[in-house]
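To start, the structure itself, in structure tokens.
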Amino acid sequence: PSFPALFAARLLGIPVIIHESDSEPGRVNRWAGKFAKRVAVSYPDAAQYFDSSKVAFTGNPIRKDIATPAAEGGREFLKLEEGTPVILIMGGSSGAQVINDAVLDALPRLLNSYQIIHQTGVKNFDDVTKTAAGILHNHPHKDRYRPYAFLNVLALRMAAGVADLVVSRAGSTLFEIAAWGTPAIVIPIPESISHDQTKNAFSYARSGAATVIEQRNLTPVILESEIERILGDSAKREAMSKAAKAFAKKDAAETIAREILALALAHER
């Protein structure tokens, strides 16, 4: 969709700035990168596709209202107990059935050691809560499971403030997780559906902030094992947190906006 505007800018001599949000640019951005004045990238891996003299690793703009986790009050707000690690599970705004199924299968064992905040997706909420209620009917720690159809801004900030680990897809949420400094397990949408998510997931994992479970390999046992491997090793968890914070670029939006203004003003003159 950006091609007509970029082509017109090329013909009319209007300066172009590209922001590439994926780890591997698409065909239009690769073409436009040849004449763009500046190229901003969200992932360091994307820089190799452009002229190094005009590319910058700016990160991806994220919502200001959730960039900083709530420092206090999260456990009270979400009705969580003290002292038990918290896992935040997000399958995207519409949820992810395959992730929900793996979580439900692992739920009775996970709740023996962890608390779970689970964003199920609106369309999946009723089925997930009914299934969970049956699975956990006599479970001594059933109150450690907190399902939500959708986490609004306040709830998400609270959840981010208490989460020890996030399980997520590999969309733009990765940049929010990085800003929180939270270790992550990333389960990208399969390459047959979204080529970008898998590449983005592995690019983020190379920073040391996350591990990847490809969807074809996702089973309750593998999910449990990976959770325990991370949360059971405080040194690894700390290293992943530091890597996430190093990857995060909280000033991405401002950096890009300032460069746009500078080029626009120079073009006016």
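The values are calculated or read from the model by the stated rules, or taken from the named source; none is laboratory data. Not measured: the values here are computed from a predicted model. Note that each Cβ is placed from the backbone with ideal geometry, even for glycine, and that neighbours are counted across all protein chains shown. These accessible areas exclude ligands, DNA and RNA; they are computed on the full protein's heavy atoms, side chains included. Shrake-Rupley method; radii C 1.70, N 1.55, O 1.52, S 1.80 Å.
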Just to be sure I understand the model, the point goes 7 Å from the Cα along the line to the Cβ. What's the resulting Ser2 to Thr131 distance in nm? 3.8
Using the membrane-span-like helix rule (whole DSSP H runs, Cα extent along the own axis of at least 27 Å, mean Kyte-Doolittle hydropathy at least 1.0), which helices of the chain qualify? none
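Counting other Cβ atoms within 10 Å, keep those with at most 16, restrict to DSSP loop, and tell me which GluC sites (Glu not before Pro) in region 74-173 are left. Please list the in-between numbers first.
Numbers: sites: Glu76, Glu81, Glu82; in loops: Glu81, Glu82.
Within region 74-173, the qualifying GluC sites (Glu not before Pro) (loop, at most 16 other Cβ atoms within 10 Å) are Glu81, Glu82.
Out of the total accessible area of region 1-84 (probe 1.4 Å, heavy atoms of protein only), what percent is carbon and sulfur? All intermediate terms of the calculation are to be shown ahead of the outcome.
Working: 2660 of 4910 Å².
Percent of accessible area from carbon and sulfur atoms in region 1-84: 54.
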Please list, in chain and number order, the residues 5+ apart from Val86 or on another chain whose amide H is under 5 Å from its amide H, with Hs placed from the backbone. Gln115, Asp164, Leu165
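Percentage of Cα-Cα pair distances in the chain greater than 32 Å, rounded to whole percent?
Details: 10497 of 36046 pairs.
Of the Cα pairs, 29 percent sit more than 32 Å apart.
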Using a Förster distance of 41 angstrom, determine the FRET efficiency expected from the C-beta separation of Leu11 and Thr255, and round it to 0.05. 0.90
Tell me which residues come under 5 Å, amide H to amide H, from His19 once H is placed; ignore anything under 5 positions away on its chain. Ala40
What is the distance in Å between the Cα centroid of region 1-44 and that of region 66-106? 37
Calculated FRET efficiency, Asp51 and Val28, Cβ-Cβ r, R0 22 Å, to nearest 0.05? 0.85
Where the only charges are on Cβ atoms (+1 Lys, Arg; -1 Asp, Glu), what is the dipole of region 148-260 about its Cα centre, to the nearest 20 debye? 200
Per residue of region 36-42, in order, report the coupling 6.51 cos²θ - 1.76 cosθ + 1.60 (Karplus, θ = phi - 60°) as ³J(HN,Hα) in whole Hz, putting x for Gly and Pro. 5, 6, 9, 10, 9, 10, 7
Which residue, Arg27, Arg144, Arg169, tops the fluctuation ranking in a GNM of the chain built on C-alpha contacts under 10 Å? Arg27
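Roughly how compact is region 164-215, stated as its Cα Rg over 2.2 N^0.38 Å to two decimals?
Numbers: Rg = 9.9 Å, N = 52, 2.2 N^0.38 = 9.9 Å.
Against the empirical 2.2 N^0.38 Å value, I get 1.00 for region 164-215.
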With label points built 7 Å along Cα→Cβ from the Cα atoms of Ile193 and Val98, find their separation and express it in nm. 0.6
For region 1-131, what log10 I(q)/I(0) values come out of the Debye formula at q = 0.12, 0.19, 0.20, 0.22 1/Å, with one point per alpha carbon and no solvent? -0.72, -1.03, -1.09, -1.22
Taking only the alpha-carbon positions of region 185-269 as identical scatterers, the Debye log10 I(q)/I(0) at q = 0.11, 0.17 Å⁻¹ comes out as -0.47, -0.81
If you wrap a convex hull around the Cα atoms of region 22-63, how much volume per residue is inside, in Å³? 70
